[in-house]
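Here the structure is laid out as structure tokens; the discussion comes afterwards.
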Amino acid sequence: MTTVEFKPKLAQTIKNYSKKQFSTDLMAGIIVGIVALPLAIAFGIASGVTPEKGIITAIVAGLLVSLLGGSKVQIGGPTGAFIIIIYGIIQQYGFEGLTIATLMAGVFLIMFGLLHLGTIIKYIPYPIVVGFTSGIALTIFTTQIKDLLGLTMTSVPSDFIEKWIAYVGSFGTIDPWSAAVGIGSVALIALWPKLTNLSLFTSHLSFLKKLPGSLIAIIVMTIAALLLKQYAGVTTIETIGDRFSISNVLPEAQMPELSWDVIKGLVSPAITIAILGAIESLLSATVADGVIGDRHSSNTELIAQGVANLASPLFGGIPATGAIARTMTNINNGGRTPVAGIVHAAVLLLIFLFLMPLAQYIPMACLAGVLVIVSYGMSGWRSFISIMKNPKSDVIVLWVTFLLTVIFDLTVAIEVGLICACLLFMRRMAETTDVKVISDEINPAEEDSDFQLGNLEHLIIPEGVEVYEINGPYFFGAGNKFEEIMGALGHGGRPRVRIIRMRKVPFVDSTGIHNLTNLCLMSQREGIQVVLSGVNEKVQAVLHKAKFDELVGNENICSHINIALDRARQLASA
């Protein structure tokens, strides 16, 4: 019976925790909390919910991921990858539908962890990850054009192509003040790291290097918009307060009404949320391991992510996962234990309770600028270009996943991308399995030492005996190769014995057993005896369970080729 793998890193690191480490974690947690603030607000609004829901998600999920997670430095919260799927669910099922889908995703994530699927999920093909990440980045960028440029549009189409057609038709309505705020925000965020390297920041202002460009952009552009409104009469710059009513009251936990029809309809998007959350959190934890020299527990991490996604929607939050950018910020500022993540959640809680009403003055164009930078960081265009130099199969999977994400939606993209990857994997596995025919004698130089026992003349194939050798796993992808080989050899005389060498077969599945059974039955009808050679213990156990040994006879399952050839001589001369 498989044991449950749930070992939170907090329990391990707290045993030898020191005051010095706490001071480092405290500083890292404060900085990460400040970094997470503008992102949580931006992700919430872009997902189609109110800004405080983004912060609530960062608080609840961030706390639980740090308390229960399998990584020492993982920071949980809302991420850009979820924006498109969340927006689509809200449009179709409303916010209550999103709540139910997130709860279901939490259950799926916990199941992934309990079933030890953490390691498997990490092996999802890289072209799929790059394809849908790049597709999400382009989609996020596209959704921000209206706010970035202050376009006057009654409604924005949901379809990607129709959206750009509508944008082009509305370019004449660009508000220059909003566009200046949006483009200025992008420029400030992009140039902030270079600005902080100037001599101006080397002494008294060195603390500003720790602050993220997104927060600086929000502060600068919010003050600029207020001054323009107050002293220049500019009223066209839309702010968060113009679109949303801001609340800093912590919501009470509420369970949505569950109905079987709604649950059935939300299975597909819930699985998408779970798979996406699993991939992103484990990718983030793996990247963090490489930096801090640690090893995370993938199944514990999945269980923690599941619990976080069960709790977040109960308090009005949205889906959450491990955030690579915030995790790296935590590491770069000295965070080395989950305490830093707990501090980050506490900082966000204090900001939410005491400073949240100030968010109403933030320009929407500035938040759009923040998300444009986020989408550029997500795009992975360098990885995209490098995969284009890989084999055609990888390029096909990349483009299929990318285009489906952009033109249709993420759910379809992940499903089709995984199907393509599985089909290509099966094809490659089938290509690694080879069936060859040995007609005259077995070359001793090709034999392992175990099979060179006895006189070398024993390796000469007797008259009336055919020898087939299977190299590689004998599964459904390679199961028909015997029929193809024997079809090609159909012109020769009929042998009396067929030896099937299986020394290089690591496993056999039900299709392989089925084909072997058919071969044995067909051979028996033709008066041909089948002898197996070099069957390893695992394969032999599978054959015994399927009662194949009763069909072929125990005496005809031989440990190596010398014995199999001796047995074939007896049968051929009988």
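Accessible area ranking (1.4 Å probe, heavy atoms, ligands and nucleic acids excluded), largest first, for Arg503, Arg496: Arg496, Arg503. Measuring spread by the Cα atoms of the chain yields a radius of gyration and Dmax of 31.0, 110 Å.
Note on Glu5 and Asn536: with the Förster distance fixed at 30 Å, the Cβ-Cβ geometry gives a FRET efficiency of about 0.55.
Long hydrophobic helices in the chain: the complete DSSP H runs spanning 30 Å or more by Cα along their own axis with mean Kyte-Doolittle hydropathy of at least 0.5 are 19-46, 83-114, 260-292, 410-432. Extending 7 Å from Cα along the Cβ direction at Val291 and again at Asp261 yields two label points whose distance is 4.8 nm. Peptide packing for 212-220, 132-140, 286-294 was compared via the average number of neighbouring C-beta atoms within 10 Å per residue; ordered from the highest value, the list is 132-140, 212-220, 286-294.
With only the Cα atoms considered, the stretch 10-99 has a convex hull volume of 92 Å³ per residue. Other residues whose C-beta falls under 14 angstrom from the C-beta of Gln570 contribute a net charge of 0, scoring Lys and Arg +1 and Asp and Glu -1.
The calculated FRET efficiency for the pair Cys422 and Tyr231, based on their C-beta separation and a Förster distance of 45 Å, comes to about 0.15. Evaluated on the stretch 1-152, the Kirkwood hydrodynamic radius is 18.0 Å, with distances taken between all distinct Cα atoms. All alpha carbon pair distances within the stretch 287-445 were sorted into 5 Å bins beginning at 0; the resulting P(r) in whole percents reads 1, 6, 8, 11, 14, 16, 13, 10, 6, 4, 3, 2, 2, 1, 1, 1, 0, 0.
Relative to the globular-protein estimate of 2.2 N^0.38 Å, the Cα radius of gyration of the stretch 237-282 stands at 1.80.
Look at the Cα gyration tensor of the stretch 301-367: its axes a ≥ b ≥ c give a/c of at least 1.5 with a/b at or below b/c, and that counts as oblate. Largest first, the three principal axis extents of the alpha carbons in the stretch 95-155 are 50, 33, 12 Å in whole numbers.
Classify the stretch 56-133: rounded, prolate or oblate, from the alpha-carbon gyration tensor (a ≥ b ≥ c, eigenvalue square roots; a/c under 1.5 rounded; otherwise prolate if a/b is larger than b/c)? Taking the square roots of the gyration eigenvalues as a ≥ b ≥ c, the stretch 56-133 is oblate.
Here each label is just a point 7 Å from Cα along the line to Cβ, and for Ile183 and Met522 those points are 7.1 nm apart. Using the empirical formula 2.2 N^0.38 Å as the baseline, the Cα radius of gyration of the stretch 208-304 reaches a ratio of 1.75. Over 26 Å apart at the Cα level, from the set Lys20/Lys209; Lys9/Lys194; Lys72/Lys210; Lys9/Lys264, are Lys9/Lys194; Lys9/Lys264. Summing +1 for each Lys or Arg and -1 for each Asp or Glu among the other residues whose beta-carbon sits under 15 angstrom from that of Ala42 gives +1. Subtracting the Cα-Cα distance of Arg382 and Ser18 from 0.36 nm times their residue separation leaves 126.9 nm of extension gain. Compactness check for the stretch 259-332: Cα Rg over 2.2 N^0.38 Å is 1.27.
Given in Å, the Rg to one decimal and the Dmax to the nearest whole number for the Cα atoms of the stretch 331-419 are 19.7, 55.
Full extension of the segment from Leu211 to Ala190, taken as 0.36 nm per residue of separation minus the current Cα-Cα distance, would add 6.2 nm.
Taking a straight line from the alpha carbon of Lys545, these lysines sit under 21 Å away, with near neighbours fewer than eight places off in the same chain left out: Lys504.
The values are calculated or read from the model by the stated rules, or taken from the named source; none is laboratory data. Just so it is clear, the model here is predicted, and its values are computed rather than measured. Cβ: placed from backbone, ideal geometry, glycine included. Neighbour counts: every protein chain shown. The protein model used for the area step is the full one, side chains on, heavy atoms only, and it has no ligands, DNA or RNA in it. Shrake-Rupley method; radii C 1.70, N 1.55, O 1.52, S 1.80 Å.
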